[in-house]
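Working notes, beginning with the structure itself.
The values are calculated or read from the model by the stated rules, or taken from the named source; none is laboratory data. Source: prediction; values computed, not measured. Glycine also receives a Cβ, built like all others from the backbone with ideal geometry; neighbour counts cover every protein chain displayed.
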Amino acid sequence: MDYLIRLLSVSIILIGVAVTCFANVKQPNVVIVMTDDQGFGDVRSHGNEFIDTPVHDRIANEGVRFDRFYVSPVCAPTRASLLTGRYHLKTGVHGVTRGYEIMRDDEVTIAELLKSNGYVTGAFGKWHNGSQYPHHPNGQGFEEFLGFCAGHWNNYFDTTLDHNGKQVQSKGYMVDALTDAAINFIEQNKSKPFLCYLPYNTPHTPWQVPDKYFKKYINKGIKDPKIACAYAMVENVDYNMGRVLAKLEKLNIDDDTIFVFLTDNGPNGLRYNSNMKGRKGSAHEGGVRVPLFIRYPSRIKPNTNVDTIAAHIDLLPTIMDLCGIKKYKTKPLDGKSLVPLIDGNNREWKERMLFTAWGGTSLKGTKKAIRTKRWRAVDERGGWELYDMNKDPDQKKDLANIEVDLLSNLKKTYIDWFREATLEGFDSTPIQVGHKERDKVILEGHYAHLFPAEKVRPSALQHGISYNGPAGWANDWIDNWTSTSAYPYWNLNVIRKGEYNILLKYSCKKENIGSRLQLEVSNSFIKFDVTKPFESKMLPSADRINRKEVYEHLWGTMDLGVVSLSQGFTKLKLKALKIPKSEVIELKEVHLVRKR
């Protein structure tokens, strides 16, 4: 009897200990590193003998390497799919600026899902899915953000960054500063489950990198300075990933941290890319096949290799699966958990097709591709091509005229997918104004639509207005404004009515002062004259090679006074009523500041 009592007592104690231990089990941390414009071939273990990436290779060797992993041809679409587990066209993203890079309000991000499951969330780097709240990272599930929201940044040294909606000055090289912030975030939240998203901004242009990295590759004999700079930037990323891993190890949490590495598209230039056809912007293999390495020591066996096709849409369900979160609410996912492949359960995996679309709003105008385990069918606006990727990975022999029936079926499948993916259309997402979380909204020049409708203009003379750069990319501004019938406008959605102070960031040469303008918004009007000249000054740049994008400038400020905004959808237009000289102004931004 005494024995039974003692046995029962021990059993109760053990059950209690087990329950306590179970209750104290911490869900795994998640670190996602995604680089910008790093190609499949920009990793040493992918056959590139010129580049040094020991940390990349370590992550791959200590976890799983996906050899056939696909993203979108450019950055914003890839980011939308990574964050939502859905093809970017379904999320509303089909461009890189003017609201075409913004996910619709009803999309659910991985940050929102993990946050709702007790995770602390932070993002450090390039966002590129909306600048204004609630499309800003702080409105998409990330409690902490340091970085920039545009498609690229002008300067990588000692620059101005966004910290939770406020501008702060960074010190040193940006990737180093972002890593510092991420490490601090990890340190502060080491006892909680966290999501640390590190979308690094390199090796995207401008070509800026610390001397020690650049000189190394020049001294290796690489004659093209762009390639030398790209490799130097990647090696700097490698160094900083090593810093993150070292912090996880020092805190004794690396075994229970899921560490994901990928890139957002193919390489941003002609350099080694494992002999694949295509680069950034292309629907061919080289434009969309990128590295994916996942390291999770307590769960994933080292030196695991997967050659089954997978994609960015799979990462959300994969991470949720690895975190043990089985039930969560999103819009219908296109991706599926890769855990069966990681575990070697290939028999459970059904073959599927992956889809690519970029650069248009119609079937005819879009670069498109469909990828199966064996085949790649591609149409880059010049007719469909077909390649047997098992026998012809370099895409040398087009089989479109041989495998006619197969290509016909693939084309039909693609058309059906495209129509279903674009059911909600291609409208630009309006900028929301009036959220209590953000009293100030900045309408950037590159977010403006131009009337007459914007196009890439070889000459602005026939239009009366243009962007300063050739395509109105990020950080651009409105220029060559010479016609009273031409104007910029922004689509707005006023969430909260009220009075807003209007400021302009502008430049105007002394010889061009005297123009009269009118701001129109929500049935309110402000007429004003340009009376004070301000010539914008280009800031020093550390570029090693000339860039295509615009350079950073200093701008003047003009206070227009107060307008009353009604709730609902509206347009803010800025029209020139009188142009006495050669042009109006160069317009960088319009600021709307809610009066309390």
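Phe261 falls short on exactly one of the conditions (1) buried (at least 19 other Cβ atoms within 10 Å of the Cβ); (2) within 28 Å of Gly360 (Cβ to Cβ), and that condition is (2). Listed by first and then second residue, the pairs with beta-carbon distance under 8 Å, at least 6 apart or on different chains, first residue in the range 269-282 and assigned by TED's automatic domain parsing to the domain that holds Asp37 and touching a residue at least 12 places away in the same chain (Cβ under 8 Å), second part of a loop (DSSP other than H, G, I, E, B) and of a type in the set (Phe, Trp, Tyr), are Tyr272/Phe50; Asn273/Phe40; Ser274/Phe40; Met276/Phe40. Within the range 362-417, the set of residues being touching a residue at least 60 places away in the same chain (Cβ under 8 Å), over 22 Å from Asp307 (Cβ atoms) and of a type outside the set (S, T, N, Q) comprises Lys367, Lys368, Asp379, Glu380, Trp417. In the range 507-518, of all residues being touching a residue at least 60 places away in the same chain (Cβ under 8 Å) and in a strand (DSSP E or B), the one that is nearest to Tyr487 (Cα to Cα) corresponds to Leu517. If you check Ala460, Ala471, Ala448 for being under 21 Å from Ser428 (Cβ atoms) and at pLDDT below 95, only one passes: Ala471.
For every residue, the table says whether it meets (1) more than 27 Å from Ile110 (Cα to Cα); (2) of a type in the set (D, E, K, R); (3) crowded, with 19+ Cβ neighbours inside 10 Å; (4) at pLDDT below 95.
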position	(1), (2), (3), (4)
Met1	yes, no, no, yes
Leu8	yes, no, no, yes
Ile12	yes, no, no, yes
Gly16	yes, no, no, yes
Phe22	no, no, no, yes
Lys26	no, yes, no, yes
Ile32	no, no, yes, no
Asp37	no, yes, yes, no
Arg58	no, yes, no, no
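Yes or no, residue by residue, for (1) in contact with a Leu (Cβ under 8 Å, 6 or more places away or on another chain); (2) assigned by TED's automatic domain parsing to the domain that holds Asn468; (3) surrounded by 15 or more Cβ atoms within 10 Å (Cβ to Cβ); (4) without any contact (Cβ under 8 Å) to a residue 24 or more places away in the chain:
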| position | (1), (2), (3), (4) |
| --- | --- |
| Glu499 | yes, yes, no, no |
| Lys505 | yes, yes, yes, no |
| Val521 | yes, yes, yes, no |
| Ile526 | yes, yes, yes, no |
| Leu539 | yes, yes, no, no |
| Trp555 | no, yes, yes, no |
| Asp559 | yes, yes, no, no |
| Ser566 | no, yes, no, no |
| Phe569 | yes, yes, no, no |
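Summed over the range 305-327, the residues that are surrounded by fewer than 16 Cβ atoms within 10 Å (Cβ to Cβ) and either in a loop (DSSP other than H, G, I, E, B) or modelled with pLDDT under 95 (or both) give a count of 4.
Condition test on Arg243, is it at pLDDT 95 or above, within 21 Å of Asp307 (Cβ to Cβ) and among the charged types (D, E, K, R)? No, not satisfied.
Can Pro302 be described as closer than 22 Å to Ile59 by Cα, assigned to a loop (DSSP other than H, G, I, E, B) and in contact (Cβ under 8 Å) with a residue 12 or more places away in the chain? Yes; evaluated as a whole, the condition is true for this residue. Taking each residue of the range 248-261 that is touching a residue at least 40 places away in the same chain (Cβ under 8 Å) and looking for partners that are among the charged types (D, E, K, R) and part of a helix (DSSP H, G or I) with beta-carbon atoms closer than 6 Å, six or more apart or interchain, yields Leu248/Asp254. Of Arg347, Arg381, Arg352, all but one fail to be part of a helix (DSSP H, G or I) and surrounded by fewer than 21 Cβ atoms within 10 Å (Cβ to Cβ); the exception is Arg347. Evaluated against (1) surrounded by fewer than 19 Cβ atoms within 10 Å (Cβ to Cβ); (2) among the charged types (D, E, K, R); (3) more than 18 Å from Pro206 (Cβ to Cβ), Lys588 falls short on exactly one condition, (1).
Just one residue in the set Ser81, Ser45 is of a type in the set (S, T, N, Q), within 16 Å of the chain's Cα centre (by Cα) and not in a strand (DSSP E or B); that residue is Ser81. Only a single item in (1) surrounded by fewer than 23 Cβ atoms within 10 Å (Cβ to Cβ); (2) closer than 27 Å to Lys192 by Cα is not met by Lys171, and it is number (2). Those residues that are among the aliphatic types (A, V, I, L, M) and not in a loop (DSSP other than H, G, I, E, B), I need them from the range 104-122; list them, please. Within the range 104-122, Ile110, Ala111, Leu113, Leu114, Val120 meet the criteria.
Scan the range 48-78 for residues that are assigned to a loop (DSSP other than H, G, I, E, B), among the small types (Gly, Ala, Ser) and either closer than 24 Å to Ala246 by Cβ or touching a Phe, Trp or Tyr at 6+ places or on another chain (Cβ under 6 Å) (or both) and the total you get is 1. Considering (1) assigned to a loop (DSSP other than H, G, I, E, B); (2) under 15 Å from the mean Cα position of the chain (by Cα); (3) of a type in the set (Gly, Ala, Ser), the lone condition that Gly125 does not fulfil carries the number (1). Scanning for something touching a strand residue (DSSP E or B) at 6+ places or on another chain (Cβ under 8 Å) and of a type in the set (Lys, Arg), does the range 331-344 turn up at least one residue? No, there is no match, as no residue in the range 331-344 is touching a strand residue (DSSP E or B) at 6+ places or on another chain (Cβ under 8 Å) and of a type in the set (Lys, Arg).
Checked against the criteria, Lys226 counts as modelled with pLDDT of 95 or more and in contact with a Phe, Trp or Tyr (Cβ under 7 Å, 6 or more places away or on another chain). Residue check: Pro580 meets all listed conditions (1) surrounded by 13 or more Cβ atoms within 10 Å (Cβ to Cβ); (2) in a loop (DSSP other than H, G, I, E, B) but one, namely (1).
Kindly provide the set of residues from the range 321-339 that are under 18 Å from Tyr70 (Cα atoms) and free of Cβ contacts under 8 Å to residues at least 60 places away in the same chain, ordered by number. Those that are under 18 Å from Tyr70 (Cα atoms) and free of Cβ contacts under 8 Å to residues at least 60 places away in the same chain: Lys336, Ser337, Val339.
When Lys436, Lys412 are screened for being surrounded by fewer than 17 Cβ atoms within 10 Å (Cβ to Cβ) and not in a loop (DSSP other than H, G, I, E, B), only Lys412 passes.
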